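**Student:** Pasting in a structure now, in structure tokens, and then I'll have a few things to ask.
The values are calculated or read from the model by the stated rules, or taken from the named source; none is laboratory data. Here the structure is a predicted model, which means the values were calculated and not measured. Heads up, the Cβs are rebuilt from the backbone with ideal geometry, glycines too, and the neighbour counts pull from every protein chain shown. To get the accessible areas, we keep the full protein, side chains included, count just its heavy atoms, and leave off ligands, DNA and RNA. Shrake-Rupley method; radii C 1.70, N 1.55, O 1.52, S 1.80 Å.
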There are 4 protein chains.
Amino acid sequence: LNESKEAATLGAGSNRLLLVDCPDRSGLIHQITGLLAARGANIINNAEFVDRESGRFFMRTEFSGAESFAGLVEELRMGLPSPANVRLGTAHSRRIVVLATREHHCLGELLLRHAHDELGAEILAVVSNHTVLEALTRRFDLPFHYVPHAGVDREVHEAAIHQVLDKYNPDYLVLAKYMRLLSPAFVSRYPHRMINIHHSFLPAFVGANPYRQAFERGVKIIGATAHFVTETLDAGPIIAQAVVPVDHSYRAEEMAQAGRDVEKIVLAQALKLVLEERVFLNGSRTIVFD
Amino acid sequence: LNESKEAATLGAGSNRLLLVDCPDRSGLIHQITGLLAARGANIINNAEFVDRESGRFFMRTEFSGAESFAGLVEELRMGLPSPANVRLGTAHSRRIVVLATREHHCLGELLLRHAHDELGAEILAVVSNHTVLEALTRRFDLPFHYVPHAGVDREVHEAAIHQVLDKYNPDYLVLAKYMRLLSPAFVSRYPHRMINIHHSFLPAFVGANPYRQAFERGVKIIGATAHFVTETLDAGPIIAQAVVPVDHSYRAEEMAQAGRDVEKIVLAQALKLVLEERVFLNGSRTIVFD
Amino acid sequence: LNESKEAATLGAGSNRLLLVDCPDRSGLIHQITGLLAARGANIINNAEFVDRESGRFFMRTEFSGAESFAGLVEELRMGLPSPANVRLGTAHSRRIVVLATREHHCLGELLLRHAHDELGAEILAVVSNHTVLEALTRRFDLPFHYVPHAGVDREVHEAAIHQVLDKYNPDYLVLAKYMRLLSPAFVSRYPHRMINIHHSFLPAFVGANPYRQAFERGVKIIGATAHFVTETLDAGPIIAQAVVPVDHSYRAEEMAQAGRDVEKIVLAQALKLVLEERVFLNGSRTIVFD
Amino acid sequence: LNESKEAATLGAGSNRLLLVDCPDRSGLIHQITGLLAARGANIINNAEFVDRESGRFFMRTEFSGAESFAGLVEELRMGLPSPANVRLGTAHSRRIVVLATREHHCLGELLLRHAHDELGAEILAVVSNHTVLEALTRRFDLPFHYVPHAGVDREVHEAAIHQVLDKYNPDYLVLAKYMRLLSPAFVSRYPHRMINIHHSFLPAFVGANPYRQAFERGVKIIGATAHFVTETLDAGPIIAQAVVPVDHSYRAEEMAQAGRDVEKIVLAQALKLVLEERVFLNGSRTIVFD
């Protein structure tokens, strides 16, 4: 999960990725590896998983080899049980746009990694409904787009965001503490291509000011969950989670700070997993080949 | 948090504990330590905390010294802001009864520690609504009371439990995966003297079979929460929490096993904290001087 | 990593395991899965890893299927690059003997899991150079062999242990805080079939009474390492590690207790991994398909 | 451990800190709190610890109150058992200089927190023996001093560093992956005012390229230790430690990256603890009131 692995998996002219998921049946690994072998591919790394509940097969194959892979995806799609998803991992870096609001911790983490070629993605721009984070973004010489939401209805606001996004055509949107609800219509334009981070507690708290509620309940653990955004708020497939201990001496604001420290690391880790094509969707769950 | 510390704090003829909580005001530490000094006490260890929200002061003092402490508690109660709780920690081991149902992991952990004088408590008996755990209890030469719930209403069942408990008059009840709801009337007889353990997730799941729900949601972390039992189910003040990572390869039953491994350790740790008088109540929260 | 997974992988009449490691070359997965497919095997779960440094390939395949697998191992051995290790996972539970000295925590954990069919192994007997743990062993109705070391030289003592072990012919020896050094000659009789647990610190401490040294250095983390025993003391390939936080309030003995709590869980987890055939050796390192 | 707590403890015109350590004797808390009460101080937060081995008493008191505290330190010094250390925590932010070499992760973390007023310190300048980190430092509009070591002996090099440092007169030096050994003479000019971060392993590895050694040993955990710098390399009193899990799929460079992720968080946390005056020295160990 770092720049070396990334270089290995996504570097131009070096390794490639084959990503397959389809209904399970006997002989799939043999079949798929056979097609690769026939093209002279050398498998560097392979991971499969069969979800016995859904009966679905997942495979991520990293391979090297000089020959052309033209037609491989089509051949696989025809030969595999239906419905099958088959993709060749692209050799170039992913392009992302970051959405944020006021909090700097997640954006700062992404900008630092990006500035030192450790993110595995190109940040094309930062979009925000506030101007607070413009200075931080400018430090890293990246475009910052202020798209205010005040005084406009959600539809108009989201249209304005789309207008910015359309200029960049990003592979992924990263919600780095973007605090506006996005409409199902917006979400549907980036199916499983939006990654969000939010705080998590044991137990969970519904409603406003969850850190205040967590404080009042006296929780001993604060967590963060990175997930794909779906139309259901904060209920998309989970990519990564982590926690930190807290105690009675933490005030609500201190719990929030502890939460921020873990949020930024979990978001960066989840993004890395996604960019390295290690995350498959399996209904409401994920398969993560880490 | 082990037998040595316990011996130090609760051993007869050695150290004593003073436990105070009351509304905060200036000079409390000076006042309380003055009363101890006047009796020749030597403070070994002191912990205080002021909850700024409730304005309440909490203090746990471990001290040694040969003189009598007769009248100390009364003198403190009169001199401190009202309402004050003042107690001297008892020098003898606590006496507990364990309630369990079918799962052996938490009971087994308690029995092992008890058999090797590491629990800090005397287990008087095990009470269960099933017979499954009788063999395990007998291995450790402890009384096992089978109090079936089938075919009787809750009131009758709880009266039968009370009949057993009254024989033992325990200081604490430990619910080591006791899977029956207890009535508010039952709970009210052991105010803040019942400790429970239950699974915890990010996010939380309501309703039947939470591990099944956690599996379907694809959680990456499984946790456990030890808490005091209050009339509100599973919402009593939290004493301790811990988590373990899981991944997509865990089936629901495997998640449950991972949960059991963490439950037993958290329950034993929480019980230790309570037995060493390290846990104060502060409304719906705890202060834990660990 | 629990009884269900175990049942799935080792249950008679159900799934089987194929375990292969050999020098890497192109097409290995295709070749091996082809031989399985030719016998009607259905792959349930597959894990491979290529160590790029050593150029070695590792594969663990869990499969089902009614046909005979006679000749499969031989066919693989002949067809794979040399030197290759090929094994079929046995369908029966592993048989182990536990060696211990005075500390009960690791032995107790193993006995509890064993008594509830969660260990994935049959404990045949406990062997000790002290009598302290006899009572605990007897609670679980298992043979206890006292083989004293006092007054005899190591060779004689080890011969006496062997005499006991030869009666049982165990698959694995588990050193559950066995505190005597074992000679290279002894170790060589159980190549990679002895599992040990020991404390670990950041930084490490050499010499007597490491907890005392850790205390004096003021470490903030206490850990445990489970490893295969090799002729080099405490330097065998690592199977599993875990840590717990400590602080300045822990005395040396309390650090030792914290260490014991983590040791017993790590040992049980490492044993489970080994019993489920998830651990491959790769020189001085392990490959762990967890 | 965040900006709020910091504001509370160090903010001008608000709370003050009293820091005392001296040989233990009966009545110290009473004595010290009495002197505070006599000046109208209201204790907000108090932490004490008695190290039974060394017989030394440590106390950190956070208090508010409008009166003058002139003479308090002197009065305490005279009244306490000798040798005593007594200090009043200063109300202003600490001033630090950061030393770094080539790696950006720790410096970047400090710069980000600093830019958002979360560090609890003012970064006066960055000093480096390479120019690699100049661009990062400039992004945050801070002075960068390149003090090359090539071609000069250590004495000359350190004199050049001192020349820069003397301009700033910092309270603390933070070694954010500064990879040159510093001479005892250098260290002695900043007694317990230099904080370093280094990687840590279970077990530890001596000599060059420790990540390479850790890889070859197949460790499952990578850690980081923040400590005060003393004349003995990497053996100063430990302030904070943390770990992350790794596995066989990590190459040596990937282990290093995992180490970097934990190093930067541990360094920032340790610095916060020191800046908030939560860390006392106790011989080769620390007392950390967190």
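**Student:** For region C:147-209, what is the convex hull volume of its Cα atoms per residue in Å³? Don't skip to the answer; put the middle values down first.
**Tutor:** Numbers: hull volume 7.3 nm³, N = 63.
Taking the convex hull of the Cα positions in region C:147-209, it is 116 Å³ per residue.
**Student:** A further question follows. Can you give the helix-only mean residue ellipticity at 222 nm for chain A, where every DSSP H stretch with n ≥ 4 adds -39500 (n - 2.57) and the sum goes over all residues, rounded to the nearest 500 deg cm²/dmol? Numbers along the way, then the final one.
**Tutor:** Working: 9 runs with 96 residues, N = 290.
It comes out at -10000 deg cm²/dmol, rounded to the nearest 500.
**Student:** Same structure, new question: How large is the accessible surface per residue of the protein assembly as shown, computed with a 1.4 Å probe and reported in Å² as a whole number?
**Tutor:** Working: 42440 Å² over 1160 residues.
Heavy-atom accessible area per residue stands at 37 Å².
**Student:** Return the percentage of antiparallel bridges among DSSP beta bridges fully within the protein assembly as shown, rounded to the nearest 5 %.
**Tutor:** Once the DSSP bridges in the protein assembly as shown are tallied, antiparallel ones form about 70 percent.
**Student:** State, in square angstrom and to the nearest 100, the accessible area buried between chains D and C, both chains counted, probe radius 1.4 Å. Walk me through the intermediate numbers first.
**Tutor:** Values: alone 14140 and 14110 Å², together 25260 Å².
Chains D and C together bury approximately 3000 Å².
**Student:** Across 10 Å bins from 0, what is the distribution of all Cα-Cα pair distances for region D:71-228, in whole percents?
**Tutor:** All Cα pairs, binned at 10 Å, distribute as 9, 31, 30, 20, 8, 1 percent.
**Student:** Still on this structure: Could you work out the Kirkwood radius for region D:215-290, taking every pair of different alpha carbons, averaging 1/r and inverting it, reported in Å?
**Tutor:** Values: mean 1/r = 0.0740 Å⁻¹.
Final number for the Kirkwood radius of region D:215-290 is 13.5 Å.
**Student:** Helix D:105-115 against the longest principal axis of chain D: what's the angle in degrees, Cα atoms only, rounded to the nearest 10?
**Tutor:** Tilt of helix D:105-115: around 50 degrees.
**Student:** Exceeding 26 Å between C-alpha atoms, which entries from my cross-link table qualify? They are A:264/B:272; B:272/D:220; B:272/D:264; C:167/D:220; A:220/A:272; C:264/D:220.
**Tutor:** Numbers: A:264/B:272 35 Å; B:272/D:220 30 Å; B:272/D:264 34 Å; C:167/D:220 36 Å; A:220/A:272 29 Å; C:264/D:220 17 Å.
A:264/B:272; B:272/D:220; B:272/D:264; C:167/D:220; A:220/A:272, as the Cα separations exceed 26 Å there.
**Student:** Using alpha carbons only, how many degrees (0 to 90, rounded to 10) separate the axis of helix B:154-168 from the longest principal axis of chain B?
**Tutor:** On a 0 to 90 degree scale, this one is about 50.
**Student:** Regarding the protein assembly as shown, what whole-number volume in Å³ per residue does the convex hull of its Cα atoms give? Write out the running numbers ahead of the final one.
**Tutor:** Values: hull volume 232.1 nm³, N = 1160.
Convex hull volume per residue, Cα atoms: 200 Å³.
**Student:** Additional query: If I model a spin label as a point 7 Å beyond the Cα along the Cα-Cβ vector, how far apart are those points for residue A:78 and residue B:181 in nm?
**Tutor:** A separation of 6.1 nm, rounded to one decimal place.
**Student:** A further question on this structure: May I ask for the percentage of alpha-carbon pairs in region D:50-98 that lie more than 16 Å from each other?
**Tutor:** So the portion of pairs separated by more than 16 Å is 57 percent.
**Student:** Across the residues of B:187-194, average count of Cβ atoms on other protein chains within 10 Å?
**Tutor:** Details: counts 0, 0, 0, 0, 0, 0, 0, 0.
Average per residue, whole number: 0.
**Student:** Next question, about the same structure. Restrict the search to region D:124-203; then list the chymotrypsin sites (Phe, Trp or Tyr not before Pro) that DSSP places in a loop and that have at most 11 other Cβ atoms within 10 Å of their Cβ.
**Tutor:** Details: sites: D:140, D:144, D:146, D:168, D:172, D:178, D:186, D:201; in loops: D:140, D:178.
Passing both the DSSP loop test and the Cβ count: no residue.
**Student:** Let me ask something additional. So what's region C:24-151 giving for Rg/Rh, alpha carbon basis, Kirkwood Rh from the mean inverse pair distance? Intermediate values should be presented prior to the final figure.
**Tutor:** On the way: Rg = 21.2 Å, Rh = 18.3 Å.
Rounded to two decimals, Rg over Rh is 1.16.
**Student:** Compactness ratio of region B:160-252: Cα Rg over 2.2 N^0.38 Å, N = residue count? Mind dumping the intermediate values first?
**Tutor:** Values: Rg = 15.6 Å, N = 93, 2.2 N^0.38 = 12.3 Å.
Taking the Cα Rg and dividing by 2.2 N^0.38 Å, one obtains 1.26.
**Student:** What spacing in nm lies between the two simple spin-label points modelled at residue A:70 and residue D:38, each 7 Å away from Cα in the Cβ direction?
**Tutor:** Between residue A:70 and residue D:38, the label points sit 9.4 nm apart.
**Student:** Residues in region C:58-74 near a label at residue A:26, defined as backbone nitrogen under 19 Å from the 7 Å Cα→Cβ point?
**Tutor:** In region C:58-74, the label zone of residue A:26 (backbone N under 19 Å from the point 7 Å along Cα→Cβ) covers C:61-73.
**Student:** For chain B, take the longest principal axis of its alpha carbons; what is the angle in degrees between that and the long axis of helix B:28-38, to the nearest 10 within 0 to 90?
**Tutor:** Between the helix axis and the principal axis of chain B, the angle is about 70 degrees.
**Student:** Another question, if that's okay. Tell me the trypsin sites (Lys or Arg not before Pro) within region C:13-59 that lie in a loop according to DSSP and have at most 15 other beta-carbon atoms within 10 Å.
**Tutor:** Working: sites: C:16, C:25, C:39, C:52, C:56; in loops: C:25, C:39, C:52.
Answer by residue number: C:25, C:52.
**Student:** Order A:78, B:179, most accessible first, counting only protein heavy atoms with a 1.4 angstrom probe.
**Tutor:** Details: A:78 160, B:179 120 Å².
Ranking A:78, B:179 by accessible area, largest first, yields A:78, B:179.
**Student:** If I model a spin label at residue B:53 and residue B:192 as a point 7 Å from the Cα along the Cα→Cβ vector, what separation in nanometres do I get?
**Tutor:** In this crude label model, residue B:53 to residue B:192 measures out at 1.7 nm.
**Student:** If you don't mind, another one. At a Förster radius of 41 Å, what calculated FRET efficiency corresponds to the Cβ-Cβ distance of residue B:169 and residue C:209, to the nearest 0.05? Intermediate values should be presented prior to the final figure.
**Tutor:** Working: r = 43 Å, r/R0 = 1.06.
Efficiency computed from Cβ-Cβ geometry: 0.40.
**Student:** Any idea what Rg and Dmax come out to for chain B if you just take the C-alpha atoms, in Å?
**Tutor:** Radius of gyration, then largest Cα-Cα span, for chain B: 20.6, 63 Å.
**Student:** Here's a follow-up. Quick one: pull the percent of accessible area on the protein assembly as shown belonging to carbon and sulfur, 1.4 Å probe, ligands and nucleic acids left out.
**Tutor:** Values: 22230 of 42440 Å².
Carbon and sulfur: 52 percent of the exposed surface of the protein assembly as shown.
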